[in-house]
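Below is one structure, written out as structure tokens; comments come after it.
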Amino acid sequence: MGFFIINGLGFNCQNERDNCPNNSLSCKKCLINILKNLGFEPTSDLTIFRVVSDEKRVEIEKEAIWQKFLDVLNIKHVIIMEKETGLVLLNSPVSASSIDVDLLSGFIQANITFSESNEVSGNNDPSEKTPFFEFQYENFNILLRDGDYVRVCIILDHKASMYMRNNMEQFIASFEGEFEEKFQSLRETGLFDNKGMHDHVIANFNIDLVFPMTLAHAIPPEVMDQINENTIQKAIYDLTLELLSRKPFFYINNLLNRVKKIVKIDPNTLLFEIYRLYEKKVIISKPIENILNDMEDKNQKVQIRTDKIKPISAMLVSEDDISELRIQMEILDENKQKELIKGLIKKGKIAERSLDYLDAQKEYEKAQILSREFSCNEENKKSARKLFNLEKKQRNIELEFAVETAELAEKNKDFIKAINHYQKALKIMENDIIYAEPDPRIKKIKRKIFKMREII
């Protein structure tokens, strides 16, 4: 079977060239006839080429998905107007760019009227339609296309790609077909309801690709097995979990950049795998309103849980608690002041030996605040040293965890995960102040990362 790409769109012909019933025609002429029979109007810039292998087809799909993503990033605003009057029927901002829609619609109507006039265009045949209007407005590019009822206006950062032009034609056909009754009602009665149109715009222009993303709550076991068998998809999934541990959403662009920092993968390939997870509904878009509600609920639950399990000393560390300690210090002589501060340091030591580092940190901090305020220099130095050593101990624990996790992933040949955790270890060793001398493991880890990237 022949597989063809027509202006970026795939078409699977069911006939082999040797037994094709239309072998008297070239493939291009045959496909143009098929398009005409389907109601399309092929133009002179139509491009058709045959894909000769599955590998080539995958490469073309990757390029198409990459272009789709670039097109979404290029879109700033989508405006749909009534064709005859210029009335704005739908205003869908995609970015935070501020645009005066009423002023823009007037500008568009004036430009179209001017460009369609016989005196300017020299076009004496009113039946000849201009497929697209393109011009600039302020710092933006504008792409316009007329349908039977509506005029679709897309505000862009840069000029439209061929893929976007083709997509716009398909969009107008499906949009007017879906909402034809509403457009007829508008012309007959003046009444109009744009319900459902915004979602149609989002779906057809793939605008949800720039929405906040999250992971599906339930992923079928067979889909999870497929992810685990695909090295890149597994890395994407693991990094997505890591991003979601910090906040309840992520953006595809951020995920792309995060993976690229770990391993040198062609962006087309990386986005292709992300998009496959998106199509399988493993990665899903999430409206910002839902995210804000989830964040509020999560913060409330965390606060309740923290209040229940917080140790006594942690609950006492407040401005009121410090104020009480200050009052005690003011009525004590110098020796008693030092004893009180030493008592706080002792409590910190006990907590530290019990591996309760948060509690220890709070006690040391109280001791440092009071010793500084009441000029207890020796106690101030001691509490500062205790805080420094505690921080060093915590960083060492983080470092050892990162290295152990990376080594285990490397042993299991999960190289992308291994590189990710080795990079975390390097960051601790190279950037943290507690490492005054270069750690001898730095060079070894860098060599490991280099070798694993070569394997990938």
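Taking the stretch 63-87 as the search range and keeping residues that are of a type in the set (Asp, Glu) and not in a strand (DSSP E or B), which one is modelled with the highest pLDDT?
Ranking the candidates gives ASP71 first.
Starting from the stretch 46-62, take each residue that is closer than 18 Å to GLU279 by Cβ and at pLDDT 65 or above and list its partners that are outside any loop (DSSP other than H, G, I, E, B) and not small (Gly, Ala, Ser), counting only C-beta distances under 7 angstrom and pairs at least six apart or across chains.
ARG57/PHE3; ARG57/VAL51; ILE60/ILE5; ILE60/VAL51; GLU61/PHE272; LYS62/ASN268; LYS62/THR269; LYS62/PHE272
Any chance the stretch 405-427 includes a residue that's aromatic (Phe, Trp, Tyr) and more than 21 Å from LEU241 (Cα to Cα)?
The answer is no, given that none of the residues of the stretch 405-427 is aromatic (Phe, Trp, Tyr) and more than 21 Å from LEU241 (Cα to Cα).
For the stretch 149-168, name all the residues that are of a type in the set (Lys, Arg) and either out of contact with any Lys or Arg (no Cβ under 7 Å at 6 or more places or on another chain) or on the phi > 0 side of the Ramachandran plot (or both).
LYS159, ARG165
So that you can scan it fast, the table gives a plain yes or no per residue for (1) touching an Asp or Glu at 6+ places or on another chain (Cβ under 8 Å); (2) not assigned by TED's automatic domain parsing to the domain that holds LEU143:
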{"residue": "PHE175", "(1), (2)": "no, no"}
{"residue": "LYS195", "(1), (2)": "no, no"}
{"residue": "VAL201", "(1), (2)": "no, no"}
{"residue": "HIS217", "(1), (2)": "no, yes"}
{"residue": "GLN226", "(1), (2)": "no, yes"}
{"residue": "ILE232", "(1), (2)": "yes, yes"}
{"residue": "GLU242", "(1), (2)": "no, yes"}
{"residue": "TYR251", "(1), (2)": "no, yes"}
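Across the stretch 150-172, what is the number of residues that are touching a residue at least 60 places away in the same chain (Cβ under 8 Å) and over 20 Å from LEU104 (Cβ atoms)?
So the count comes out to 5.
Given the conditions (1) part of a helix (DSSP H, G or I); (2) within 42 Å of the chain's Cα centre (by Cα); (3) of a type in the set (A, V, I, L, M), which single one is not true for ILE345?
(2)
Residues in the stretch 98-106: is at least one at pLDDT below 70, farther than 23 Å from LEU186 by Cα and either loosely packed, with under 14 Cβ neighbours inside 10 Å or acidic (Asp, Glu) (or both)?
Yes: the stretch 98-106 contains one or more residues that are at pLDDT below 70, farther than 23 Å from LEU186 by Cα and either loosely packed, with under 14 Cβ neighbours inside 10 Å or acidic (Asp, Glu) (or both).
I need the full set of residues from the stretch 21-40 which are in a loop (DSSP other than H, G, I, E, B) and either modelled with pLDDT of 75 or more or β-branched (Val, Ile, Thr) (or both), in order please.
none
Within the stretch 181-200, is there a residue that is out of contact with any Gly (no Cβ under 6 Å at 6 or more places or on another chain), of a type in the set (A, V, I, L, M, F, W, C), under 14 Å from PRO93 (Cα atoms) and buried (at least 16 other Cβ atoms within 10 Å of the Cβ)?
Yes - at least one qualifying residue is present in the stretch 181-200.
Based on this model, can you work out whether ILE236 counts as over 30 Å from ASN91 (Cα atoms), within 14 Å of the chain's Cα centre (by Cα) and at pLDDT 85 or above?
Against the criterion (over 30 Å from ASN91 (Cα atoms), within 14 Å of the chain's Cα centre (by Cα) and at pLDDT 85 or above), ILE236 qualifies.
Mind listing whichever residues of the stretch 369-380 are closer than 15 Å to GLY348 by Cα and surrounded by fewer than 22 Cβ atoms within 10 Å (Cβ to Cβ)?
ILE369, ASN380
Looking at the stretch 193-214, is at least one residue part of a strand (DSSP E or B) and touching a Ser or Thr at 6+ places or on another chain (Cβ under 9 Å)?
Yes, some residue in the stretch 193-214 is part of a strand (DSSP E or B) and touching a Ser or Thr at 6+ places or on another chain (Cβ under 9 Å).
Kindly evaluate LEU408 against the criterion of being farther than 15 Å from ILE262 by Cβ and modelled with pLDDT of 85 or more.
yes
Output the helices (runs of 4 or more DSSP H) that fall wholly within the stretch 245-317 and possess 1 or more residues being at pLDDT below 80 and under 30 Å from ASP199 (Cα atoms), or say none.
Of the helices (runs of 4 or more DSSP H) lying wholly inside the stretch 245-317, those with at least 1 residues that are at pLDDT below 80 and under 30 Å from ASP199 (Cα atoms) span 288-309.
The values are calculated or read from the model by the stated rules, or taken from the named source; none is laboratory data. Everything numeric in this text was worked out from a predicted model, so none of it was measured. Cβ coordinates were reconstructed from backbone atoms using ideal geometry, including for glycine residues, and neighbour counts include every protein chain displayed.
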